[in-house]
Amino acid sequence: MAFSERMEKNNADKIISTLEDFVSEHKKKLVERVLENRTRHITLVFEDIDKPHNISAVVRTAECLGIQDLHFIKNRNAYAVNPRITQGASKWLTFHSYDSPKENVEKCYSKLREEDYKIYATALHKESISIEDLPINDKLAIVFGTEAEGITNEAGENADGLVHIPMFGFTESFNLSVSAALCLNTLKTKMNGKFPRISGEEQLHLRGEWYRRIVREADLILKTKGVEI
């Protein structure tokens, strides 16, 4: 199970101080190493993905490359990650789902813009730019659609721009998980091999969330100590 929301800011330090004695030194060092490479400068958005095994592969790839947040627009298709494919990656990420009866693209885009993201939807279109030419100074949200149909008109028309991966063969598209990996690796290369890391305050919140995942019966321990979750 992935985190759907971030914990309250004023509780993060209490959660950490309560649970840290239950976390081994090895795990603490691992958490700190991962935090040093976590980013919210880049996020990925998936619109109505219809092949759960592919999105599970993307989750694993995104976590390995240091991405923290993934956004899922669900208008037609319901899906869940496959733990056998993700290899536990989903429990370290923050998932944002948009599955109300309508206006999910608008709600997702509004949330992203509130957090200062520039939104680029993937599409093979004459006006799209290569991922290699995408400006990297702003925070970026890259939107992917289904493999068969791509993004919807709404997702494309309301994005800040369109982006594509250069291809040189007869085939016109990559597998979703490959597309996401190529985009992330290209952007990381453009950023000299390292995404901008999250802030110290965000590290604090994630440290608390991850300690809750690491410690067995963490929520029971916190409840016993009177710490709100």
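Structure values in brief
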item	result
Scope region 82-122; condition modelled with pLDDT of 90 or more, crowded, with 17+ Cβ neighbours inside 10 Å and not in a strand (DSSP E or B); matching residues	Trp92, Leu93, Asn104, Val105, Cys108, Tyr109, Leu112
Failed criterion for Ile142 (all others in (1) more than 23 Å from Cys108 (Cβ to Cβ); (2) buried (at least 16 other Cβ atoms within 10 Å of the Cβ); (3) among the β-branched types (Val, Ile, Thr) hold)	(1)
Within region 148-180, considering residues that are under 12 Å from Leu124 (Cα atoms) and among the acidic types (Asp, Glu), the one nearest to the chain's Cα centre (by Cα)	Glu149
Answer residue from region 162-218, given it is in a helix (DSSP H, G or I) and without any contact (Cβ under 8 Å) to a residue 40 or more places away in the chain and is surrounded by the fewest Cβ atoms within 10 Å (Cβ to Cβ) among those	Gly200
Residue among Leu112, Leu140, Leu187, Leu204 that is among the hydrophobic types (A, V, I, L, M, F, W, C), within 30 Å of Ile15 (Cα to Cα), out of contact with any Ser or Thr (no Cβ under 7 Å at 6 or more places or on another chain) and in the same structural domain as Asn54 (by TED's automatic domain parsing)	Leu112
Test result for Leu19, under 22 Å from Pro196 (Cβ atoms) and at pLDDT 70 or above	no
Residue satisfying all of: in region 145-161; in a strand (DSSP E or B) and under 19 Å from Asp48 (Cβ atoms); modelled with the highest pLDDT among these	Gly150
Pairs, first in contact (Cβ under 8 Å) with a residue 40 or more places away in the chain in region 17-34, second among the hydroxyl-bearing types (Ser, Thr, Tyr), C-beta under 6 Å, six or more apart	Leu19/Tyr211; Val23/Tyr211
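The values are calculated or read from the model by the stated rules, or taken from the named source; none is laboratory data. Everything numeric here is computed off the predicted structure, so don't read it as measured data. Note: ideal-geometry Cβ built from the backbone for every residue, glycine included; neighbour counts use all protein chains shown.
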